[in-house]
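Below is one structure; the comments refer to it alone.
The values are calculated or read from the model by the stated rules, or taken from the named source; none is laboratory data. Computed from a predicted model, the values in this text were never measured in an experiment. Every residue, glycine as well, gets a Cβ built from its backbone with ideal geometry; the counts of neighbours run over all protein chains shown.
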Amino acid sequence: MNVPEPFELHVSDAVLDDLHDRLRRTRLLDDSPRTPTSGMSAAYLRELVGSWATWDWRAREAWLNSHPQFIASIDGAAVHFAHLRSAQPDAPALLVMHGWPHTFALQLDFADRLHDFDVVVASLPGFAFSSPYADGPLSEARLAATMHTLMTEVLGYERYITYGEDVSANVSDLIAANHPGQVAGIVATHAHFPSSDERTALTDPDEQEFFASLAEREWPEGGYAHVQATRPDVLAAALNDSPAGLVAWIAEKYVGWSDTPRGDPRVVERRISRERILTEAMIYWVTQSVATSFRPYFEGQSDGPIPPTSVPAAVFIQRHEAGYPESLARRHYLDLREFDRLESGGHFAAAEVPDDLAARVRAFVAGLV
């Protein structure tokens with residue numbers, strides 16, 4: 001039997017001393033003239049670096065450790081996860097999965113609000129404290145099999161609800177499609193996207209317009225993905241050696257994708273606090289996992305289209321994809337119980353609007369009984 005081992009985080013004083021030394025010696029640059037607008041500025045990066053250098057990590061470390069965490073061996077990977085058990089007997093089980101560039105830590109505030117659920121917040125293989133697979137690609141299909149094994153064979157849940165964001169949205173869809181007898185329901189804020197070939201066959205004007213608008217955003221917003229997919233190790237070498245570079249690279253995405261006004265990047269902290277941003281940067285730094293976190297971008301696609309799923313589904317469209325057509329959801333989620341658009345909350349919905357999303361999940365699951 002695969003029995004998970006308890007895990008507790010402790011960053012050594014030597015690692016912290018080295019980090020603080022690097023932060024103090026950061027060579028910061030001014031903004032380039034006429035630079036394209038992005039989610040980062042020289043002034044905001046200077047603030048983040050300064051805050052990180054004086055931050056009380058030990059207090060944050062203790063908060064993280066207040067959430068029971070474990071490591072299980074699955075398919076050649078050491079899979080890390082937080083397991084928040086409800087005091088209620090027969091509480092529904094919920095699998096929560098992150099994407100890039102966030103980690104399990106950014107979703108703990110959401111999990112904390114679901115005290116009437118058994119919540120499993122998993123670290124994908126190659127992210128944070130989960131090792132990458134010992135061999136073979138990190139594909140969406142493989143991730144789906146790993147996460148299903150975690151919930152069923154390792155933790156013993158006969159049925160569970162699944163939720164994924166960003167790169168794990170397809171993983172969540174695959175789990176629901178492949179295991180309808182054990183998935184009681186699926187919650188999606190990143191609803192299913194058709195494959196590239198499927199998109200070319202679309203005839204609905206609203207669907208065509210939605211993907212056309214995404215294509216227009218691809219050039220100014222998709223550079224990070226192109227680099228991570230085509231030159232991942234070159235970029236990772238720089239980010240793994242420079243904490244300032246690392247926090248700039250990942251915080252830029254929190255700013256750009258969150259549901260906050262464009263302009264001053266500091267406004268991201270209305271949704272994702274500076275402490276939470278620094279927590280994400282710290283986890284990437286101490287685990288040196290930024291290189292393996294890029295793997296879904298160059299080897300993560302599944303083979304062929306993801307089949308529709310018949311399990312009960314609730315789709316709550318986050319603001320970063322506000323125009324997603326309901327018709328797409330209804331073709332993929334064949335038992336669509338709820339379709340709504342979040343009034344606030346962007347790409348990182350579980351982190352940005354944890355109260356709203358927790359209430360929605362609770363109401364959806366109550367209706368499944």
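Some observations on this one:
- Residue selected from segment 285-341 under the condition in contact (Cβ under 8 Å) with a residue 12 or more places away in the chain and of a type in the set (Lys, Arg), by the criterion nearest to ALA225 (Cα to Cα): ARG295
- Some residue of segment 25-40 being modelled with pLDDT of 95 or more and among the charged types (D, E, K, R): yes
- Scanning segment 61-113 for residues that are surrounded by fewer than 23 Cβ atoms within 10 Å (Cβ to Cβ), in contact (Cβ under 8 Å) with a residue 60 or more places away in the chain and of a type in the set (Ser, Thr, Tyr) yields a total of 1.
- For ASP116, the conditions (1) closer than 22 Å to ASP356 by Cα; (2) surrounded by 24 or more Cβ atoms within 10 Å (Cβ to Cβ) all hold with the exception of (2).
- ILE175 being surrounded by 23 or more Cβ atoms within 10 Å (Cβ to Cβ) and touching a His at 6+ places or on another chain (Cβ under 8 Å): yes
- Listed by position, the helices (runs of 4 or more DSSP H) inside segment 196-276 whose residues that are closer than 24 Å to LEU23 by Cα and at pLDDT 90 or above number at least 1 are 223-230, 232-241, 243-257.
- Some residue of segment 15-37 being over 23 Å from the mean Cα position of the chain (by Cα), among the small types (Gly, Ala, Ser) and loosely packed, with under 14 Cβ neighbours inside 10 Å: yes
- Residues within segment 320-345 that are within 22 Å of the chain's Cα centre (by Cα) and over 13 Å from ALA188 (Cα atoms), tallied: 6
- Test: ILE306 is closer than 27 Å to SER139 by Cβ, of a type in the set (Val, Ile, Thr) and in a loop (DSSP other than H, G, I, E, B): yes
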